[in-house]
Amino acid sequence: MNSIKNRFLIAICAFIATLSLNVDLNHLKSIDDFRIEGYSITQRLEGGGTLVGGAEIIADFFSGFSGNSVKWLCIFFALCLLFYHAQMVRERRTEKISFCAATFFSFFYIIGFSINNFDSLAPITDSLTSFLKYIIAFMGITLTFYALLKILFDKITKIDLNNAEEKKIRLLDNSRKSLLMRTFVIFLCWLPYLIVYLPGFINIDTFFQIAQVVGDTPLSNHHPIFTTAITGFFYRLGLLFGSAGIGLLLHSIFQMFIMAAAFSDVIAWMEEYNAGNRIRTITLLYFMLYPVHGFYSIVMWKDTLFSVVLMLLTLKTIQMVSQPNEFFKQKKNIIIYSLLCVFLFLTRNNGLYILVIFLPLLPVLLRKYWKSILIIIGVFAFSFFSMQIIESALKVRQGSVGEALSLPLQQIARAVKDHGETISDEDREIISAILPFEKLPELYISTNSDTIKVSGVFDENEFRQNSRSYLALWARLFTKYPLSYIDAFLCHTHGYWYPDFDGGIRAGRIEENDYNFYSWNIVPSFVENALSGIFVIRTIPAISMLVSIGFAVWLTIIMALVLLLKKSYRLLISFIPMLLLWLTCIASPVSGQFRYIYGLFLVIPLFITIALGGKNEKY
């Protein structure tokens with residue numbers, strides 16, 4: 001009897017999941033289409049709909065399905081098999097964590113779909129039929145994720161990467177000769193990118209830094225002056241050889257070598273960690289062949305070096321928390337960790353925010369070693385205040401406050417766009433003092449605050465003089481228009497948590513500039529087009545997830561949950577810097593900017609290694 005009941009439940013779950021995969025949440029193409037019914041969900045529940053309206057609801061509801069195809073029968077039976085295998089996993093802890101994770105992922109996937117396609121949650125709430133479809137989609141996706149996660153967690157927690165009995169492979173070990181050999185191999189794999197795009201890429205932000213170097217604009221810490229100094233060094237070095245492009249070429253080669261050496265060091269650590277040959281081989285291939293690494297190795301901007309430093313800091317944190325006695329016994333580890341902290345905030349401003357929160361947590365989480373950790377904190381604090389003195393001596397201007405206000409300004413602009421006619425004259429006047437009230441609906445871009453916070457649009461001086469009144473305005477508008485604020489927040493951040501978001505990845509060709517940088521174009525254009533065409537993978541199902549920020553975030557969460565299942569709580573400390581980076585990206589000016597969170601794609605091999613590490617004697 002129980003067997004028949006289980007099979008019946010499996011069939012029901014498979015049917016709901018099949019229905020959720022079939023429902024078309026995107027068959028209406030604009031927000032206005034969701035209001036054709038003339039009644040919101042609340043009005044329907046209050047009796048606003050007629051009998052005819054009810055028939056329309058039923059007709060509209062079923063119009064969202066198109067299951068008249070044998071493929072859906074195949075999908076149904078495939079899901080039956082999936083749920084059958086999932087119900088065989090009966091470990092209570094796995095079930096609880098799988099259900100919570102599945103509900104979390106499904107909720108944000110459904111929310112993200114509405115935001116990504118319609119810039120609003122209105123499709124979920126403004127139409128009863130649409131709401132019902134989203135509910136079905138949520139239920140089915142949750143069931144599918146739950147089954148997948150149960151099986152995944154059950155399998156993955158039984159994996160042990162210990163390679164004690166494996167034959168050593170020279171290219172994968174941790175000897176100095178192998179380290180250099182891997183560095184050279186990785187460097188060679190990226191060389192085609194440099195040859196095709198000689199002398200490299202240069203970002204518009206870097207032109208602002210060069211302008212500071214040559215004195216066209218005053219020094220500013222909007223971009224760290226340390227990276228401005230590096231940019232200036234290579235720019236002037238190129239001029240010594242007769243061309244700014246030569247400086248860019250030398251920077252590309254320098255950065256390629258730094259990245260390749262750092263990636264090679266990760267493989268060396270994995271050998272020390274007793275990770276098996278298979279995962280080390282996959283990791284090496286990932287570093288060699290993943291196209292983003294090739295493109296980002298030849299871009300002159302601060303983001304690549306920052307991401308590499310963050311990766312190395314994460315690696316050292318794993319060593320610190322997994323085997324603290326050995327780590328703190330060696331003074332070189334404390335020195336290296338301190339230097340990595342310094343370079344982290346020197347290469348990008350949000351590195352400072354990460355360290356200010358993370359470093360004070362370490363003495364609490366690793367109480368026994370608080371004295372050694374205080375040395376690291378002391379070096380960081382000394383370096384930070386030294387930089388303040390240097391910046392003061394050089395009369396470095398502070399960066400724009402608009403950068404930190406990207407999200408609040410977006411929310412105010414969204415409220416004006418959605419409800420400009422109902423905003424009081426008093427609030428309208430306050431907003432007009434810092435932003436062009438009438439133009440905000442045109443200037444507002446849901447995923448990018450640059451059009452609002454730039455100089456000439458946002459009056460920074462006025463804001464600084466009356467910051468309290470503007471903060472009060474922000475809070476007041478939130479109480480009046482909470483849904484607009486929520487929409488603005490989700491639109492501005494979903495690129496960092498929704499897997500299907502399609503954002504920019506690589507820098508473009510060198511644009512026209514005043515500093516004599518230009519592309520050398522030594523290969524036929526079809527070769528360049530072919531290399532750029534690598535990112536056609538973004539249109540291929542499943543493979544497209546390789547360049548998805550949201551999927552990388554989800555994968556990181558899954559690895560953290562695996563450690564939670566294994567009760568390896570201390571290793572979770574190594575996830576904190578990446579969590580803090582993600583939070584700073586949430587507050588950044590652009591949603592889903594790949595270069596902002598590139599560091600996540602560098603540390604994923606580390607997280608997978610420690611999550612699949614099993615009960616390793618050394619760690």
Residue hits (the range 231-252; without any contact (Cβ under 8 Å) to a residue 12 or more places away in the chain and either touching a helix residue (DSSP H, G or I) at 6+ places or on another chain (Cβ under 6 Å) or aliphatic (A, V, I, L, M) (or both)) are LEU239, LEU240
Checked pairs for the range 253-264, first closer than 17 Å to PHE234 by Cα and at pLDDT 95 or above, second open to solvent by 30 Å² or more (accessible area, probe 1.4 Å) and of a type in the set (Phe, Trp, Tyr), C-beta under 8 Å and 6 or more apart or across chains, list as MET256/PHE187; PHE257/PHE187
Output yes when any residue across the range 406-413 is part of a helix (DSSP H, G or I), closer than 23 Å to VAL309 by Cα and not charged (D, E, K, R), and no when none is. no
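Do we have GLY592 as surrounded by 21 or more Cβ atoms within 10 Å (Cβ to Cβ), on the phi > 0 side of the Ramachandran plot and not aromatic (Phe, Trp, Tyr) here?
Details: surrounded by 21 or more Cβ atoms within 10 Å (Cβ to Cβ): yes; on the phi > 0 side of the Ramachandran plot: yes; not aromatic (Phe, Trp, Tyr): yes.
So GLY592 fits the description; yes.
Let's see how each residue does on (1) over 21 Å from the mean Cα position of the chain (by Cα); (2) β-branched (Val, Ile, Thr):
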{"residue": "TRP269", "(1), (2)": "yes, no"}
{"residue": "ILE282", "(1), (2)": "yes, yes"}
{"residue": "HIS293", "(1), (2)": "no, no"}
{"residue": "LEU305", "(1), (2)": "no, no"}
{"residue": "ILE318", "(1), (2)": "no, yes"}
{"residue": "SER338", "(1), (2)": "yes, no"}
The number of residues in the range 96-130 that are touching a Cys at 6+ places or on another chain (Cβ under 6 Å) and assigned to a helix (DSSP H, G or I) is 1
When PRO436 is run through (1) surrounded by fewer than 13 Cβ atoms within 10 Å (Cβ to Cβ); (2) modelled with pLDDT of 85 or more; (3) under 24 Å from SER591 (Cα atoms), the failure sits at (1)
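Filter the range 415-450 down to the residues that are assigned to a loop (DSSP other than H, G, I, E, B) and touching a residue at least 40 places away in the same chain (Cβ under 8 Å), then identify the one that is farthest from the chain's Cα centre (by Cα).
ILE423
Mind checking whether some residue in the range 531-538 is open to solvent by 40 Å² or more (accessible area, probe 1.4 Å), in contact with a strand residue (DSSP E or B) (Cβ under 9 Å, 6 or more places away or on another chain) and within 27 Å of SER252 (Cβ to Cβ)?
Within the range 531-538 (the criterion being open to solvent by 40 Å² or more (accessible area, probe 1.4 Å), in contact with a strand residue (DSSP E or B) (Cβ under 9 Å, 6 or more places away or on another chain) and within 27 Å of SER252 (Cβ to Cβ)), the answer is no, since none of the residues qualifies.
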By my count, helices (runs of 4 or more DSSP H) wholly in the range 210-307 with at least 3 residues that are open to solvent by less than 60 Å² (accessible area, probe 1.4 Å) and within 26 Å of SER588 (Cβ to Cβ) are 225-240, 244-272, 291-296
Next on the checklist: Given the condition part of a loop (DSSP other than H, G, I, E, B), open to solvent by less than 30 Å² (accessible area, probe 1.4 Å) and in contact with a Lys or Arg (Cβ under 7 Å, 6 or more places away or on another chain), answer yes or no: does some residue in the range 513-523 qualify?
Outcome noted: yes
When the range 439-449 is checked residue by residue, the ones that are β-branched (Val, Ile, Thr) and either under 15 Å from LEU477 (Cα atoms) or open to solvent by less than 50 Å² (accessible area, probe 1.4 Å) (or both) are THR447
Filter the range 451-505 for residues that are in contact with a Ser or Thr (Cβ under 8 Å, 6 or more places away or on another chain) and in a loop (DSSP other than H, G, I, E, B); the one that is surrounded by the fewest Cβ atoms within 10 Å (Cβ to Cβ) is ASP500
Counting only residues in the range 360-378 that are more than 29 Å from the chain's Cα centre (by Cα) and of a type in the set (A, V, I, L, M, F, W, C), the one modelled with the lowest pLDDT is identified as TRP370
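Going through the range 284-319 one residue at a time, which ones are without any contact (Cβ under 8 Å) to a residue 60 or more places away in the chain and either within 30 Å of PHE207 (Cβ to Cβ) or not basic (Lys, Arg) (or both)? Spell out the reasoning first.
We begin by selecting, within the range 284-319, every residue without any contact (Cβ under 8 Å) to a residue 60 or more places away in the chain; these are 285, 309, 312, 316, 319.
LEU285, VAL309, LEU312, GLN319 - these are the residues of the range 284-319 that are without any contact (Cβ under 8 Å) to a residue 60 or more places away in the chain and either within 30 Å of PHE207 (Cβ to Cβ) or not basic (Lys, Arg) (or both).
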The residue that is nearest to ASN325 (Cα to Cα), considering only those in the range 347-369 that are touching a Pro at 6+ places or on another chain (Cβ under 7 Å) and open to solvent by less than 20 Å² (accessible area, probe 1.4 Å), is LEU366
Condition set among the aromatic types (Phe, Trp, Tyr) and open to solvent by less than 10 Å² (accessible area, probe 1.4 Å), scope the range 595-604, selection farthest from TYR296 (Cα to Cα): answer is PHE601
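Looking at the range 528-580, which of its residues are among the small types (Gly, Ala, Ser) and in contact with a helix residue (DSSP H, G or I) (Cβ under 6 Å, 6 or more places away or on another chain)? Can you show your working first?
Going residue by residue through the range 528-580, those that are among the small types (Gly, Ala, Ser) are 530, 532-533, 542, 544, 548, 550, 552, 560, 568, 574.
Passing the criteria: SER544, ALA552, ALA560, SER574.
Output the residue which, of all residues in the range 1-40 that are closer than 30 Å to CYS80 by Cβ and not in a helix (DSSP H, G or I), is modelled with the highest pLDDT.
Just the residues of the range 1-40 that are closer than 30 Å to CYS80 by Cβ, to begin with: 1-27.
From what's left, not in a helix (DSSP H, G or I): 1, 23-27.
Details: MET1: 48, VAL23: 81, ASP24: 75, LEU25: 76, ASN26: 68, HIS27: 56.
Checked the range 1-40; the qualifying residue modelled with the highest pLDDT is VAL23.
The values are calculated or read from the model by the stated rules, or taken from the named source; none is laboratory data. No experiment lies behind these values; they were computed from the predicted model shown. With ideal geometry, Cβ positions are generated from the backbone for all residues, glycine too; neighbour counts draw on all protein chains shown. Heads up: the accessible areas ignore ligands, DNA and RNA and are worked out on the full protein's heavy atoms, side chains in. Shrake-Rupley method; radii C 1.70, N 1.55, O 1.52, S 1.80 Å.
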